[in-house]
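Accompanying notes for the structure given below.
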Amino acid sequence: MSEAADNSAASPDRDSAVRPPAKDPWKGLRGVMAGTLVLEAIVVLLVLPVVAVVGGGLTWLSGGYIVLLAVAMIAGAGLQGRPWALRYNLALQVLTVLGFFVDLSLGIVGVIFSVVWGYILYLRKDMKDREARGLLPGQRG
């Protein structure tokens, strides 16, 4: 073994570095996001009977928009491991809030779930901060 290798092994910088967590803490958050998308898809599909009874009734445009949005949410639930999944989730939220143009009830569902996604973003930021400081349970000595 060379002297350079011996010196780097005893370096104080390596000992003071933040250890990665033993378990993947992001796995739980991805599960929460996937579950939220599935629940949101169910609620969006429950808007169909409301749209059919209230207002102008169910048209091919409103029905198609609602069903396609729900299908995109269910598909997105399986894509949470991708690096672009959070952007996809937030884009779905924008489309749900824009549902005000399709029907008022869909827009209200979009606003309610936007609050939920805002809280998920807060949890994500908190986890990043804790991971950077080495405070996650799997990182403790």
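Can you confirm whether Ala22 is touching a Gly at 6+ places or on another chain (Cβ under 6 Å), at pLDDT below 95 and over 16 Å from Gly107 (Cα atoms)? Yes.
As a summary of the residue check, Arg82 satisfies the conditions (1) in a helix (DSSP H, G or I); (2) within 25 Å of Lys23 (Cβ to Cβ); (3) at pLDDT 95 or above; (4) of a type outside the set (Val, Ile, Thr) except for the one numbered (1).
Give me a count of the residues in the range 96-112 that are touching a residue at least 24 places away in the same chain (Cβ under 8 Å) and either buried (at least 16 other Cβ atoms within 10 Å of the Cβ) or of a type in the set (Asp, Glu) (or both). Residues that pass the stated criteria total 7. What tally of residues in the range 85-95 results from selecting those that are in contact (Cβ under 8 Å) with a residue 24 or more places away in the chain and either farther than 18 Å from Ile42 by Cα or not in a helix (DSSP H, G or I) (or both)? Residues meeting the conditions: 2. The residue that is least open to solvent (accessible area, probe 1.4 Å), counting only those in the range 85-95 that are of a type in the set (A, V, I, L, M, F, W, C) and under 10 Å from the mean Cα position of the chain (by Cα), is Ala85. If the condition is being in contact with an Asp or Glu (Cβ under 8 Å, 6 or more places away or on another chain) and farther than 17 Å from Ser114 by Cα, then the range 55-95 contributes Gly55, Ser62.
The values are calculated or read from the model by the stated rules, or taken from the named source; none is laboratory data. Treat the numbers as computed from the prediction; the structure is a model and nothing was measured. Positions of Cβ are backbone-derived with ideal geometry, glycine not excepted, and every protein chain shown enters the neighbour counts. Heads up: the accessible areas ignore ligands, DNA and RNA and are worked out on the full protein's heavy atoms, side chains in. Shrake-Rupley method; radii C 1.70, N 1.55, O 1.52, S 1.80 Å.
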